[in-house]
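These notes are about the structure you will find just below.
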Amino acid sequence: MSVQEKDEYTHSAGGHEVTVGIFDSGIGGLGVLHEAVCALPQARFLFYADRAHVPYGERSEREILSYAEEITAFLRERGCAAIVIACNTATSVAAEALREHYRGEGLPIIGMEPAVKPALEWEPEGPVLVIATPVTVREHKLQALLERLDATHRVHVHPMPELVRFAEGERFEDPAVEAYLAEELMPYVEAGIQSVVLGCTHFNYFVPQLRALFGPGVRLFDGNDGTVRHLAALLGLQAESEPDGRFRESAFDQTRITCFDSGVEITDPAELAFFSRLHARFAQTRQ
């Protein structure tokens, strides 16, 4: 990449102080981007969706690490001052290796962690359900988290790989989604579980269906807000308080966001409209 191209990404935001790179296996990380754009008006963002290799949840650990290393180098080369791994699966596999690699450069690497702790604190006695990808479920990182926080073994963990495919196909209101959720999760509904941790950023697209399945008393936990606040603290930025719905609806600001599809900058109007619709869905589900 030329110096001119790097400067274009670093300085084209009209005075924004810092550029942040956010990546995911696909479109799930747009939820983290959405939170970051709303909370950090001082920053601009490069969002990298590795849709050529989605879903990570069914890839080998070696493949996931290779993808994460390549993407991080790509974003770093374009002037990013911090990298957010907006993917629980990639965090489980690659976060520590990336932190070690970039330790000498002072590049913060922020990962996603299933919000088990707040769920257990909100539900001090009853069971908690974590839904995630198969890789996240079997990885040591989640097991270590549960060993540290769940001494009484109240947490149930369930893999939900098909939700990633539904999300990538923008099949949010598809009856097949409701059928899949009911088939996989009805035993937990019948058991009365009311605390559900969304252990994959793709799963946030299905908040309405999950609320309908578990009932109005369910509490859904994700790591998006906590991740963005951690990012702000590491960069010395002030995170804005909860914006109103109108601001959330208009959060896909192309003067502050550059999107890439597996390394190729997205400029096609139809693709940009697709990303804008996804932002609007997050705005609606966060109301």
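The values are calculated or read from the model by the stated rules, or taken from the named source; none is laboratory data. In this text, all values refer to a predicted model and were calculated from it rather than measured experimentally. Every residue, glycine as well, gets a Cβ built from its backbone with ideal geometry; the counts of neighbours run over all protein chains shown.
Only residues that are assigned to a loop (DSSP other than H, G, I, E, B) and modelled with pLDDT under 95: list them for the range 28-50, please.
So in the range 28-50, the residues assigned to a loop (DSSP other than H, G, I, E, B) come out as 28-29, 40-42, 50.
Listed by number, the residues that qualify are GLY28, GLY29, LEU40, PRO41, GLN42.
Taking VAL157, is it hydrophobic (A, V, I, L, M, F, W, C) and touching a strand residue (DSSP E or B) at 6+ places or on another chain (Cβ under 7 Å)?
Details: hydrophobic (A, V, I, L, M, F, W, C): yes; touching a strand residue (DSSP E or B) at 6+ places or on another chain (Cβ under 7 Å): yes.
For VAL157, the condition - hydrophobic (A, V, I, L, M, F, W, C) and touching a strand residue (DSSP E or B) at 6+ places or on another chain (Cβ under 7 Å) - is met.
Conditions first: (1) at pLDDT 90 or above; (2) not in a strand (DSSP E or B). LEU220 passes all but one, so which condition is the exception?
(2)
Looking only at residues in the range 1-27 that are hydrophobic (A, V, I, L, M, F, W, C) and at pLDDT 55 or above, which one is farthest from ILE85 (Cα to Cα)? Walk me through how you get there before you give the answer.
Initial filter on the range 1-27 (hydrophobic (A, V, I, L, M, F, W, C)): 1, 3, 13, 18, 20, 22-23, 27.
Filter once more, so that each one left must be at pLDDT 55 or above: 18, 20, 22-23, 27.
On the way: VAL18: 17, VAL20: 11, ILE22: 6, PHE23: 5, ILE27: 12 Å.
Per the stated criteria, the residue is VAL18.
Considering only the range 260-283, how many residues are touching a Lys or Arg at 6+ places or on another chain (Cβ under 9 Å) and free of Cβ contacts under 8 Å to residues at least 40 places away in the same chain?
Number of matching residues: 1.
Filter the range 163-207 down to the residues that are of a type in the set (S, T, N, Q) and more than 26 Å from GLY226 (Cβ to Cβ) and list them by number. Spell out how you get there, then give the answer.
We begin by selecting, within the range 163-207, every residue of a type in the set (S, T, N, Q); these are 194-195, 201, 204.
None; the set is empty.
Report whether or not PHE221 is closer than 30 Å to ARG44 by Cα and without any contact (Cβ under 8 Å) to a residue 60 or more places away in the chain.
No.
Just give me the residues in the range 94-115 being in a helix (DSSP H, G or I) and either in contact with a strand residue (DSSP E or B) (Cβ under 7 Å, 6 or more places away or on another chain) or not acidic (Asp, Glu) (or both), in sequence order.
ALA94, ALA95, ALA97, LEU98, ARG99, HIS101, TYR102, ARG103, GLY104
When the residues of the range 240-262 are filtered to those that are charged (D, E, K, R) and over 16 Å from TYR48 (Cβ atoms), which remaining residue is modelled with the lowest pLDDT?
For the range 240-262, the residue satisfying everything is ARG246.
Given (1) modelled with pLDDT under 95; (2) assigned by TED's automatic domain parsing to the domain that holds HIS156; (3) hydrophobic (A, V, I, L, M, F, W, C), identify the lone condition not met by VAL93.
Unmet for VAL93, out of (1) modelled with pLDDT under 95; (2) assigned by TED's automatic domain parsing to the domain that holds HIS156; (3) hydrophobic (A, V, I, L, M, F, W, C): (2).
Do the conditions hold for ILE85, that is, is it within 24 Å of THR133 (Cβ to Cβ), modelled with pLDDT of 95 or more and of a type in the set (Val, Ile, Thr)? Outline the logic, then answer.
Details: within 24 Å of THR133 (Cβ to Cβ): yes; modelled with pLDDT of 95 or more: yes; of a type in the set (Val, Ile, Thr): yes.
For ILE85, the condition - within 24 Å of THR133 (Cβ to Cβ), modelled with pLDDT of 95 or more and of a type in the set (Val, Ile, Thr) - is met.
Applying the selection to the range 101-116, what residues are surrounded by fewer than 15 Cβ atoms within 10 Å (Cβ to Cβ) and of a type in the set (Gly, Ala, Ser)? It would help to see each step written out before you state the result.
Pass one, the range 101-116, residues surrounded by fewer than 15 Cβ atoms within 10 Å (Cβ to Cβ): 103-106.
Within the range 101-116, GLY104, GLY106 qualify.
Quick one: in the range 81-94, of everything that is farther than 16 Å from VAL32 by Cα and in contact (Cβ under 8 Å) with a residue 40 or more places away in the chain, which residue is surrounded by the most Cβ atoms within 10 Å (Cβ to Cβ)?
Here the residue is SER92.
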